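Asker: Before anything else, here's the structure in question.
The values are calculated or read from the model by the stated rules, or taken from the named source; none is laboratory data. This one's a predicted model, so the numbers in the text were calculated from it and none came from an experiment. Heads up, the Cβs are rebuilt from the backbone with ideal geometry, glycines too, and the neighbour counts pull from every protein chain shown.
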Amino acid sequence: MKTHARVTTHSPAGPWLFLAPGLLIVGAFSLYPFLSTVAHSFTDARTLAPGRFTGGANYRDMLHDAMFWTGLRNSLLYVLGAVPPLVILPLLLAMLVQRRIPGIAFFRAAFYTPVVASVVVVGLIWVWLLDDRGLINALLEGLGFGTVGFLSDSWLLLLSAMAVTVWKGLGYYMVIYLAALADVPRELHEACAVDGAGAVRRFLTVTVPALRGTMVLVAALSSVNAFKVFSEVYLMAGPTGGPGGEDTTLVMLVQQVGTGLNGRVGYASALSVVVFVITLGLMLLVLRAHRREDA
């Protein structure tokens, strides 16, 4: 009995047909807007005018723009102030809620609730709490302290916005750490405990080395999110960035410059490109530092 091998030919275009819908979506909503922004950054385009090619004029103007340097300073300070707590506190929180005790599921859900809450709602709640006549100042006055200008002092306002960012992000990064903690062998902790190591020593010698890669991931993600912060500062400081624009961040400056009937779209596009480059640089810096530690 003869058997005939069945030869099938696969079209080289077959895989691309399956990828085409996804590629079209990425191209239409990610690649094209990015390339369009880069192209507009070399023009003097306005909201109602296409503009003409001006070379690097927008980038040169940026160097002499005081608001640009203020926004850059605030964005970098935001990274320095928000990222370390977002790397450390969620890890401690994850270690707390990973314990199998009655009712712990409720606390996991409670800690994650700010993540799914609207950032606008969260911001308005904190504005109400931190206002000069808000609940926190009422409590401080009741204890004999004076009113603290959380929303009127530029530095306190920036710190308050950082606190809101950290509070809202705790649950998100806690979940990432919970997934990583599940892969840490219990035998390592038991061996350290047998050797007489306390909880702090086990944390430093077992947990931290095992989660170094996850901590780098959290640092990279939180750095990007902190540098691109907009909603928290916008809701607390207002669209102008507080008195004199002292609390304006780079992303807020993009919105201020590029919107309106006569918005400077070209200059706003140049600012957006700078935000992208710095964000990419922050991620590469974190990853490079991680590789140096592993070397």
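Yes or no, residue by residue, for (1) assigned to a helix (DSSP H, G or I); (2) touching a Phe, Trp or Tyr at 6+ places or on another chain (Cβ under 7 Å):
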{"site": "124", "(1), (2)": "yes, no"}
{"site": "139", "(1), (2)": "yes, no"}
{"site": "150", "(1), (2)": "no, no"}
{"site": "162", "(1), (2)": "yes, yes"}
{"site": "178", "(1), (2)": "yes, no"}
{"site": "196", "(1), (2)": "no, no"}
{"site": "202", "(1), (2)": "yes, no"}
{"site": "205", "(1), (2)": "yes, no"}
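Asker: If you check 157, 188, 129, 170, which single one turns out to be at pLDDT below 90 and assigned to a helix (DSSP H, G or I)?
Answerer: 188
Asker: Sort out which residues of segment 171-186 are of a type in the set (Val, Ile, Thr) and closer than 13 Å to residue 108 by Cβ, and write them in order of number.
Answerer: 175 - this is the single residue of segment 171-186 that is of a type in the set (Val, Ile, Thr) and closer than 13 Å to residue 108 by Cβ.
Asker: Right, here's the next one. Check segment 219-239 and report whether any residue there is touching a strand residue (DSSP E or B) at 6+ places or on another chain (Cβ under 8 Å) and basic (Lys, Arg).
Answerer: Looking for residues that are touching a strand residue (DSSP E or B) at 6+ places or on another chain (Cβ under 8 Å) and basic (Lys, Arg), one finds none in segment 219-239, hence no.
Asker: Looking at 129, 143, 157, which one is aliphatic (A, V, I, L, M) and closer than 25 Å to residue 71 by Cα?
Answerer: 157
Asker: Filter segment 52-94 down to the residues that are in contact with a Ser or Thr (Cβ under 7 Å, 6 or more places away or on another chain), more than 22 Å from residue 277 (Cβ to Cβ) and touching a residue at least 60 places away in the same chain (Cβ under 8 Å) and list them by number.
Answerer: 86, 87
Asker: Within segment 215-241, restricting attention to residues that are part of a loop (DSSP other than H, G, I, E, B) and surrounded by 21 or more Cβ atoms within 10 Å (Cβ to Cβ), which residue is nearest to the chain's Cα centre (by Cα)?
Answerer: Among residues in segment 215-241 that are part of a loop (DSSP other than H, G, I, E, B) and surrounded by 21 or more Cβ atoms within 10 Å (Cβ to Cβ), the one nearest to the chain's Cα centre (by Cα) is 229.
Asker: Here is a further query. Quick one: in segment 135-161, which of the residues that are surrounded by 18 or more Cβ atoms within 10 Å (Cβ to Cβ) and without any contact (Cβ under 8 Å) to a residue 40 or more places away in the chain is farthest from residue 72 (Cα to Cα)?
Answerer: Here the answer is 137.
Asker: Those residues that are surrounded by 17 or more Cβ atoms within 10 Å (Cβ to Cβ) and assigned to a helix (DSSP H, G or I), I need them from segment 42-66; list them, please.
Answerer: 58, 62
Asker: Against the condition of a type outside the set (D, E, K, R), under 16 Å from the mean Cα position of the chain (by Cα), surrounded by fewer than 19 Cβ atoms within 10 Å (Cβ to Cβ) and modelled with pLDDT of 95 or more, how does residue 85 come out, does it pass?
Answerer: Here the answer is yes, as residue 85 does meet what is asked.
Asker: Scan segment 137-153 residue by residue and report those that are among the hydrophobic types (A, V, I, L, M, F, W, C) and within 19 Å of residue 233 (Cα to Cα).
Answerer: 148, 150, 151
Asker: While we're here: For residues that are in a helix (DSSP H, G or I) and in contact (Cβ under 8 Å) with a residue 24 or more places away in the chain, scanning just segment 109-122, find the one that is farthest from residue 174 (Cα to Cα).
Answerer: Filtering first and then ranking leaves 120.
A quick yes/no check of all residues on (1) closer than 28 Å to residue 155 by Cβ; (2) acidic (Asp, Glu); (3) buried (at least 21 other Cβ atoms within 10 Å of the Cβ):
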site: 245; (1), (2), (3): yes, no, no
site: 251; (1), (2), (3): yes, no, no
site: 255; (1), (2), (3): yes, no, no
site: 265; (1), (2), (3): no, no, yes
site: 268; (1), (2), (3): yes, no, yes
site: 275; (1), (2), (3): yes, no, no
site: 285; (1), (2), (3): yes, no, no
site: 288; (1), (2), (3): no, no, no
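Asker: Going through segment 213-266 one residue at a time, which ones are under 20 Å from residue 173 (Cβ atoms) and of a type in the set (S, T, N, Q)?
Answerer: 214, 222, 223, 225, 231
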